[in-house]
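Reading through the structure tokens given below for one structure.
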Amino acid sequence: DSLGAGRPAAGAAVAEMGAGCHGEAGLSEDPSFPNLAGQSALALYKQMHDFRSGSRASDIMGPIAEGLDDQMILD
């Protein structure tokens, strides 16, 4: 998949799922949740795939990522 194949409008809806923990603009108010603002698209794409596959373990992010298909992650 190409990272250029994401759809920004659809991605906004997917990103809303993370706003509660990671902040509206990717800047978390809670230090226990990492800031996502400034991360490259490639880094975010890889991390979401790693959470989904289980190669990066997280009781919080694993189940969330499992609910995303490849297009949703690209978006």
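The values are calculated or read from the model by the stated rules, or taken from the named source; none is laboratory data. None of the values given here were measured: they were computed from a predicted structure. Methodologically, a virtual Cβ is constructed for each residue, glycine included, from the backbone with ideal geometry; neighbour enumeration extends over all protein chains shown. For accessibility, only protein heavy atoms count, side chains too; no ligands or nucleic acids. Shrake-Rupley method; radii C 1.70, N 1.55, O 1.52, S 1.80 Å.
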message: Computing the accessible area with a 1.4 Å probe over protein heavy atoms, can you report the carbon and sulfur percentage for the chain?
response: 57 percent
- request: Note down the magnitude of the dipole of the range 1-74 about its Cα centre, charges +1 on Lys and Arg C-beta and -1 on Asp and Glu C-beta and zero elsewhere, to the nearest 20 debye.
  value: 200 debye
message: Contact order normalised by length for the chain, with contacts defined as Cα pairs under 8 Å and 6 or more residues apart; what percent is it?
response: 38 percent
field: Given charges at Cβ of Lys, Arg, Asp, Glu: the chain dipole, positive-most of LEU3, MET61, GLY26
entry: LEU3
query: For the range 9-18, in order, what is each residue's ³J(HN,Hα) by Karplus, 6.51 cos²θ - 1.76 cosθ + 1.60 with θ = phi - 60°, in whole Hz (x at glycine and Pro)?
result: 5, 5, x, 4, 5, 5, 5, 4, 4, x
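For PHE33, PHE51, what's the largest-to-smallest order of accessible area, 1.4 Å probe?
PHE33, PHE51
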- prompt: Kirkwood Rh, the chain, all Cα pairs: how many Å?
  reply: 12.6 Å
- prompt: Given a 1.4 Å probe, how much area per residue of the chain is accessible, in Å²?
  reply: 67 Å²
